[in-house]
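Q: Here it is: the structure, laid out below.
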Ligand code: ZN
């Protein structure tokens, strides 16, 4: 493991707290040390209070902050003396502990201090760093973990047997530190949990963390437990998307709401899946207990979701028998399937990505521990205690509300501009994960966020559309909403002059491609946990065609008829199919300033008059159309299918 410390970079961070920020970020940058909010750090600083009297403070990481991106505001200043006094209590419940931490902060607006605050306070060093380093938990989670840890670290660390994080762990660490520490001590290993390092400067504490973890890595190397040979084939997931969507439907039912499911079937995953004792190595539990909040205790092997639910209920009944617990939903968060690979599940795309990250590290830890003689996780009772601890249960009672389309997946064609892009925005704003298709390459980098996947796609090419669906389903697990928007509006041309090839080109894009997309999407929409929805962007030209627009009007009218039939055929699957008929949406690429000016002049109007030449004298924007499209996907339209709703400011010819 390499130290990321850089003198020039470090010089930009002046002061004790700033240096704390710097090395915390260094820890956060290395995913083999901490993952997604894991780990915590602190620094002890003396400051003046409101009376100008000196007060010793522990600045400790606040909950909800990620070390990689932490700022000074992410550290909560807590009165050190009070924390040290708390450590002398016989017992303290988690809720009381959090109350004490919050009541003894010097800054009311600071985040709730880490539950490890008391532990940090008892260690007699200015800087304290804590991570869940992969290499360290690999060694602790083995048959002879304790002896191995002693062999690796000698007397440079204090060794703590596993105790659940919180007050009891803080007390035990304080006790054991007093008993075991000597002049060589630079850290502390927590069995089945992680590692602490400490020092008088930020650099010293950080470098000690790197040095200790490096020792663990070298131990794995010299014991032939570092390199994993990939022998897996790397499954081709083509044609599996319908199975993925069906599996996601099952999991969503168990979860009680739609979920995002991310699929990974690379060579490394296939190698892991090919292990001769897959059940033995995967059904023990996580590498470090706090993963359980996101991943649950064990993955589902295979696709029998009902059986997983049954076993989860048994686990809850058994482990929770002694307390008054509220059962969490029994749905799996990870699935290991020989054919599909690793499926990572979350209520949002971001949550699913975190689960995937965690399990990728876990697979490596398990494989290395296996090479070392056998992976041994904590017993189920210890994992249950973290999964169901007071603070998590309290969060549960407060409850979080699901966004309107939370856990759902939408696909929008023609998504890089105009109405299509506005639809992407409206759907993302309602919590959906969105697959955006466009022939324009700008779609790929349109948004850098977990819940958006932009794919370059010519919708008239069947293979490209199938591949896009493949990628979308791998990333999000299925399809709930389809927005058929891509289309062309060719220049005006009367029928007498109409070129047949041009007619066919327009028909191909506006009609044939829409049919093909609907055909390919149908088996996926059928698996939508809350029923599939299709919204087609039609045109005012369907009810009120215009001179010189024969190919456009005819293609949109044919599409309209196709959609009405889809509504009848797919109603039995609960799929709703509706249409919007926009007109004169001027904030799209079609309408340049020159075109607008020319059209206005043609009618003897100003541009503003021209734009609002409708009954309501209003201007219709892409965003207005997109909001209607999104509403049609929502519960407001749950009893409506085959509707055609004009969005044109009112047009006498349509009326
Ligand atoms: Zn920890």
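The values are calculated or read from the model by the stated rules, or taken from the named source; none is laboratory data. Owing to the predicted nature of the structure, the values given are computational and were not obtained by experimental measurement. Quick reminder, even Gly has a Cβ in these numbers, built from the backbone with ideal geometry, and neighbours come from all protein chains shown.
Q: Can you list the helices (runs of 4 or more DSSP H) lying wholly within the stretch 1-91 that have 2 or more residues being under 26 Å from the mean Cα position of the chain (by Cα), at pLDDT 95 or above and more than 16 Å from residue 107 (Cα to Cα)? Steps first, please.
A: Values: elements: 7-11, 16-29, 80-86.
Result: 16-29.
Q: Looking only at the stretch 555-568, count every residue that is touching a helix residue (DSSP H, G or I) at 6+ places or on another chain (Cβ under 9 Å) and more than 13 Å from residue 489 (Cβ to Cβ) and tell me the total.
A: Within the stretch 555-568, residues that are touching a helix residue (DSSP H, G or I) at 6+ places or on another chain (Cβ under 9 Å) and more than 13 Å from residue 489 (Cβ to Cβ) number 5.
Q: Looking only at the stretch 572-607, count how many residues are in contact with a strand residue (DSSP E or B) (Cβ under 9 Å, 6 or more places away or on another chain) and either within 21 Å of residue 516 (Cβ to Cβ) or assigned to a strand (DSSP E or B) (or both).
A: The qualifying residues number 9.
Q: Take the residues of the stretch 452-468 that are touching a strand residue (DSSP E or B) at 6+ places or on another chain (Cβ under 7 Å) and in a loop (DSSP other than H, G, I, E, B): which is nearest to residue 265 (Cα to Cα)?
A: Among those residues, the one meeting the criterion is 457.
Q: Could you please find all residues in the stretch 257-306 being surrounded by fewer than 23 Cβ atoms within 10 Å (Cβ to Cβ), more than 20 Å from the chain's Cα centre (by Cα) and not in a helix (DSSP H, G or I)?
A: Residues satisfying the conditions are 274, 275, 276, 277, 283, 284, 301, 302, 303, 304.
Q: If you don't mind, another one. Name the pairs: first residue in the stretch 33-52 and more than 23 Å from residue 201 (Cβ to Cβ), second residue within 11 Å of the ligand (Cβ to nearest atom), Cβ to Cβ under 6 Å, at least 6 apart or on different chains?
A: The qualifying pairs are 38/132.
Q: Within the stretch 286-309, can you find the residues that are more than 16 Å from residue 344 (Cα to Cα) and within 16 Å of the ligand (Cβ to nearest atom)?
A: Selection gives 287, 288, 289, 290.
Q: Right, another one. Against the condition crowded, with 16+ Cβ neighbours inside 10 Å and within 30 Å of residue 257 (Cβ to Cβ), how does residue 509 come out, does it pass? It would help to see each step written out before you state the result.
A: Numbers: crowded, with 16+ Cβ neighbours inside 10 Å: yes; within 30 Å of residue 257 (Cβ to Cβ): no.
No: the conditions fail for residue 509.
Q: Also, quick follow-up: Name the one entry in 39, 15 that is touching a helix residue (DSSP H, G or I) at 6+ places or on another chain (Cβ under 6 Å) and at positive phi.
A: 39
Q: Applying the selection to the stretch 374-400, what residues are part of a loop (DSSP other than H, G, I, E, B) and modelled with pLDDT under 90?
A: Within the stretch 374-400, 389, 399, 400 meet the criteria.
Q: From 515, 525, 498, 511, grab the single residue that is out of contact with any strand residue (DSSP E or B) (no Cβ under 6 Å at 6 or more places or on another chain), under 15 Å from residue 480 (Cβ atoms) and touching a residue at least 12 places away in the same chain (Cβ under 8 Å).
A: 525
One line per residue, one yes/no per condition, for (1) in contact with a helix residue (DSSP H, G or I) (Cβ under 8 Å, 6 or more places away or on another chain); (2) under 24 Å from residue 136 (Cβ atoms):
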site	(1), (2)
335	yes, no
343	yes, no
353	no, no
359	yes, yes
362	yes, yes
394	yes, no
401	no, no
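Q: Mind checking which residues of the stretch 147-170 are over 35 Å from the mean Cα position of the chain (by Cα) and touching a residue at least 40 places away in the same chain (Cβ under 8 Å)?
A: 148, 151, 152, 153, 156, 157
Q: Of all residues in the stretch 9-46, count the ones that are surrounded by 14 or more Cβ atoms within 10 Å (Cβ to Cβ) and away from the ligand (no atom under 16 Å from the Cβ).
A: 15
Q: Would you check which residues across the stretch 469-485 are surrounded by 24 or more Cβ atoms within 10 Å (Cβ to Cβ) and either at pLDDT below 95 or in contact with a strand residue (DSSP E or B) (Cβ under 7 Å, 6 or more places away or on another chain) (or both) and list them?
A: 472, 476, 477, 478, 479, 480, 481, 482, 483, 484, 485 - these are the residues of the stretch 469-485 that are surrounded by 24 or more Cβ atoms within 10 Å (Cβ to Cβ) and either at pLDDT below 95 or in contact with a strand residue (DSSP E or B) (Cβ under 7 Å, 6 or more places away or on another chain) (or both).
Q: Every residue in the stretch 326-368 that is more than 19 Å from residue 434 (Cβ to Cβ) and in a loop (DSSP other than H, G, I, E, B), please.
A: The answer is 326, 327, 328, 329, 330, 331, 332, 333, 338, 339, 340.
Q: Could I ask something else about it? State the number of residues belonging to the stretch 586-610 that are closer than 15 Å to residue 622 by Cα and surrounded by 15 or more Cβ atoms within 10 Å (Cβ to Cβ).
A: Number of matching residues: 4.
Q: Could I ask something else about it? Do the conditions hold for residue 403, that is, is it farther than 27 Å from residue 255 by Cα, in a loop (DSSP other than H, G, I, E, B) and free of Cβ contacts under 8 Å to residues at least 60 places away in the same chain?
A: So residue 403 fails the test.
Q: For a quick check of your reading of the model, give me the residue pairs whose first member lies in the stretch 277-297 and is over 19 Å from residue 140 (Cβ atoms), whose second is assigned to a loop (DSSP other than H, G, I, E, B) and at pLDDT below 95, with beta-carbon atoms closer than 8 Å and at least 6 apart or on different chains.
A: Close Cβ pairs satisfying both conditions: 294/36.
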